[in-house]
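Engineer: Sharing a structure with you now.
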Amino acid sequence: MDDQYIPALPWYRRPQRLIAIVCAVIGGLLIAFGPEMRFIIASDEAPAVLDDQMLKLPTPTVALAVVYVSGAVAAPDVYRLPLNARVIDVLQAAGGLTDQADISGLNLAALVRDGEHIRVPFAGEAVALLVADVQQTGLLDLNRASAADLEELPGVGATLAARIIERRETQGPYRSVEELREVSGIGEKLFAQIAPLVTIGP
């Protein structure tokens, strides 16, 4: 029997060739569009990376002032408060005032400063210290004198006495008698009259 002629199968019916063609098409697509696909993937991941960085941002810290409170308060100690705290805030942190406290010479609305020492005098203590100073030196201590004491000076009335105390409370204790010149209302003539009568205590 003669061998029968068997025609060759078309290419699309040959599995090996079909697989090779499919692989070639996929490879071509990857070569042609690979960079764009990588860019899209990277873009999708970018927000996640950004979120992680945002979560790692440091938490803002509040600046604190360290203040020592002593005298006629319930709990004398060192306290840490925000820099915008007032004297009244410090006294509240120290448990409040005792029954013997004398706050007539304190400015409760003044801002506290880092490293400041706030001492609340006991009733009668300021007067006793003032009397002792006058007895020892015969001069009036600008950092301890009350408004009534300052009004005893020549040419100093209630308004000027209040300004002298206000300058002491807002800018800190007087460091020299010369600083009286900074008080509004004290000219050279008045300063020459009161300077020999006042002093700066220890």
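The values are calculated or read from the model by the stated rules, or taken from the named source; none is laboratory data. Only a predicted model underlies this, so the values are computations on that prediction, with no experimental measurement involved. All Cβ positions, even for glycine, are placed from backbone atoms using ideal geometry, and neighbour counts span all protein chains on display.
Engineer: In this structure, is Arg167 in contact (Cβ under 8 Å) with a residue 12 or more places away in the chain, closer than 28 Å to Ile88 by Cβ and either assigned to a helix (DSSP H, G or I) or in contact with a helix residue (DSSP H, G or I) (Cβ under 9 Å, 6 or more places away or on another chain) (or both)?
Structural biologist: It is true that Arg167 is in contact (Cβ under 8 Å) with a residue 12 or more places away in the chain, closer than 28 Å to Ile88 by Cβ and either assigned to a helix (DSSP H, G or I) or in contact with a helix residue (DSSP H, G or I) (Cβ under 9 Å, 6 or more places away or on another chain) (or both).
Engineer: Still on this structure: Looking at Glu152, Glu182, Glu166, Glu178 in this structure, which one is of a type in the set (D, E, K, R), over 25 Å from Arg86 (Cβ atoms) and either surrounded by 14 or more Cβ atoms within 10 Å (Cβ to Cβ) or modelled with pLDDT of 90 or more (or both)? Give the steps one after another, and end with the answer.
Structural biologist: Numbers: Glu152 fails: either surrounded by 14 or more Cβ atoms within 10 Å (Cβ to Cβ) or modelled with pLDDT of 90 or more (or both); Glu182 fails: over 25 Å from Arg86 (Cβ atoms); Glu166 fails: over 25 Å from Arg86 (Cβ atoms).
Among Glu152, Glu182, Glu166, Glu178, only Glu178 is of a type in the set (D, E, K, R), over 25 Å from Arg86 (Cβ atoms) and either surrounded by 14 or more Cβ atoms within 10 Å (Cβ to Cβ) or modelled with pLDDT of 90 or more (or both).
Engineer: Picking from Arg119, Arg80, which residue would you name as being free of Cβ contacts under 8 Å to residues at least 40 places away in the same chain, in a strand (DSSP E or B) and basic (Lys, Arg)? Walk me through it before giving the result.
Structural biologist: Working: Arg119 fails: free of Cβ contacts under 8 Å to residues at least 40 places away in the same chain.
Going through Arg119, Arg80 in turn, the sole match is Arg80.
Engineer: Yes or no: Leu190 part of a helix (DSSP H, G or I) and in contact with a Leu (Cβ under 8 Å, 6 or more places away or on another chain)?
Structural biologist: Working: part of a helix (DSSP H, G or I): yes; in contact with a Leu (Cβ under 8 Å, 6 or more places away or on another chain): no.
Considered against the rule, which asks whether it is part of a helix (DSSP H, G or I) and in contact with a Leu (Cβ under 8 Å, 6 or more places away or on another chain), Leu190 comes out as no.
Engineer: Of all residues being in a loop (DSSP other than H, G, I, E, B) and modelled with pLDDT under 85 in the range 131-146, which is farthest from Ile164 (Cα to Cα)? Just the residue, please.
Structural biologist: Taking the range 131-146 first, the residues in a loop (DSSP other than H, G, I, E, B) are 138-139, 142-146.
Remaining after also requiring modelled with pLDDT under 85: 138-139.
Values: Gly138: 20, Leu139: 16 Å.
The extreme case among them is Gly138.
Engineer: Identify, from the list Ala65, Ala75, Ala94, Ala109, the residue that is of a type in the set (Gly, Ala, Ser), within 23 Å of Asn143 (Cβ to Cβ) and at pLDDT 90 or above.
Structural biologist: Exactly one of Ala65, Ala75, Ala94, Ala109 is of a type in the set (Gly, Ala, Ser), within 23 Å of Asn143 (Cβ to Cβ) and at pLDDT 90 or above, namely Ala94.
Engineer: Somewhere in the range 112-128, is a residue touching a Lys or Arg at 6+ places or on another chain (Cβ under 7 Å), surrounded by fewer than 17 Cβ atoms within 10 Å (Cβ to Cβ), closer than 30 Å to Pro196 by Cβ and at pLDDT below 90?
Structural biologist: no
Engineer: Of everything in the range 91-105, what is more than 10 Å from Val120 (Cβ to Cβ) and surrounded by 13 or more Cβ atoms within 10 Å (Cβ to Cβ)? Give them in sequence order.
Structural biologist: The answer is Gln92, Ala93, Gly95.
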